[in-house]
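See structure below.
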């Protein structure tokens, strides 16, 4: 019987040749790629996959969360479908140490509190700041900072009789501030029409989405509360392989507050998730669906990572992954202050990779490749004359055959750079210069 909790990425791999393991963003509140819509989409004269019947650009912003009427046993049984195409943007400038204890700049400045560990106490007594603790002490200390997140989404049925129904899901989150900012994974809250946060003492709050970034898989939500217990932010750049770590989260969407321990198995591990390459912390601490958005803590009780993926290989055990906190915090800062990640270059198109005969037949194309589904208004791509249905041949003098390759090329450039783009249209090769803009999504 298929495990309904897991989401297997078809093209997910590490940077090591010959590694065929697959990974998943933990699907307790994850998403699955939607099947390609039946019937070919109408495009330009060249027979491309553009037009209204093709996948749409991006996703609708989640509506503000309504007040829930009490606790609901969601059971973590959410399965969302998402379009295969994605907005081509490339992450830049996320790395860097945690300098200081607040987000600088902007009118919406948010302080993330640094708790003095000398004042903190666990069931084992007072623990001096920076001193290593055992698993029991760490668990007792950080438990109030990790929350359960449950979501609901109104889904329209694709069956012939139509109709709508509600899907629920669950994940985890880590409290950033005393006044209610919470860090989690973007896929935990993706598409949610309502979000509920449950603290370790059982108190529930409705939450609103501040911002989410699918490429880094980081999101920030907010509850109207005070006196919460924020996690102490650590320094993921200071981690060493073999160092003890503790993961705290909500496995299976039903077991909030679960603690597992292990070590840092590897650092700067590059894995490809849904055509986006991420540099993550690898750990053997048990990570299960529902842990996504939860915390990975060091032996000093400091938050050093946000759990977001696990291996789903048949013979793989003890392979969990977490986004380094030094990567997550700058993203969270941008989401809080601007609503999106600034400084990220974008070509200004939505694309679909066609790599099998069935999809090619549905879209009425004869060649495999990366096709433009939609050109964003006001983008560099529009100014250069790119059209829906165009197939990328090369970008920046590099042959392109997948969205991952296209994203990788863009990531090596900055906003304002001009790229030479060669496309195929109506069986003719055309070369245009495209100026990269800034992604606002």
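The values are calculated or read from the model by the stated rules, or taken from the named source; none is laboratory data. What you are looking at is a predicted structure, and each value in this text was computed from that prediction instead of being measured. Neighbour counts are summed over all protein chains in view; Cβ atoms, including those assigned to glycine, are modelled from backbone coordinates with ideal geometry.
Evaluating residue 336 against the criteria (1) without any contact (Cβ under 8 Å) to a residue 12 or more places away in the chain; (2) part of a helix (DSSP H, G or I) leaves one unmet condition, (1). Residue count for the range 345-363 satisfying the condition of being assigned to a strand (DSSP E or B) and either in contact with a helix residue (DSSP H, G or I) (Cβ under 7 Å, 6 or more places away or on another chain) or more than 25 Å from residue 410 (Cβ to Cβ) (or both): 7. The condition (being buried (at least 17 other Cβ atoms within 10 Å of the Cβ) and within 18 Å of the chain's Cα centre (by Cα)) is satisfied by just one residue among 170, 139, 231, 207: 170.
The set of residues from the range 257-311 being surrounded by fewer than 23 Cβ atoms within 10 Å (Cβ to Cβ), in a loop (DSSP other than H, G, I, E, B) and touching a residue at least 60 places away in the same chain (Cβ under 8 Å) comprises 257, 275, 288, 299, 300. For residue 405, which of the numbered conditions (1) in a helix (DSSP H, G or I); (2) in contact (Cβ under 8 Å) with a residue 40 or more places away in the chain; (3) crowded, with 16+ Cβ neighbours inside 10 Å fails to hold? Going through (1) in a helix (DSSP H, G or I); (2) in contact (Cβ under 8 Å) with a residue 40 or more places away in the chain; (3) crowded, with 16+ Cβ neighbours inside 10 Å one by one, residue 405 breaks only (2). Scanning the range 373-392 for residues that are more than 14 Å from residue 434 (Cα to Cα) and not in a loop (DSSP other than H, G, I, E, B) returns 373, 374, 391.
Here is a check on your reading of the model: is residue 410 over 28 Å from residue 216 (Cα atoms) and not in a loop (DSSP other than H, G, I, E, B)?
So residue 410 fails the test.
With respect to residue 194, is the statement that it is crowded, with 21+ Cβ neighbours inside 10 Å and under 24 Å from residue 277 (Cβ atoms) true? So residue 194 does not fit the description; no. Quick test of your reading of the structure: residue 392 fulfils all but one of (1) more than 19 Å from residue 344 (Cβ to Cβ); (2) modelled with pLDDT of 95 or more; (3) more than 27 Å from the chain's Cα centre (by Cα). Name the failing condition by number. Only one criterion in (1) more than 19 Å from residue 344 (Cβ to Cβ); (2) modelled with pLDDT of 95 or more; (3) more than 27 Å from the chain's Cα centre (by Cα) is unmet by residue 392, namely (3).
Answer yes or no: is there a residue in the range 348-357 that is under 30 Å from residue 304 (Cα atoms), buried (at least 22 other Cβ atoms within 10 Å of the Cβ) and under 24 Å from the mean Cα position of the chain (by Cα). Looking for residues that are under 30 Å from residue 304 (Cα atoms), buried (at least 22 other Cβ atoms within 10 Å of the Cβ) and under 24 Å from the mean Cα position of the chain (by Cα), one finds none in the range 348-357, hence no.
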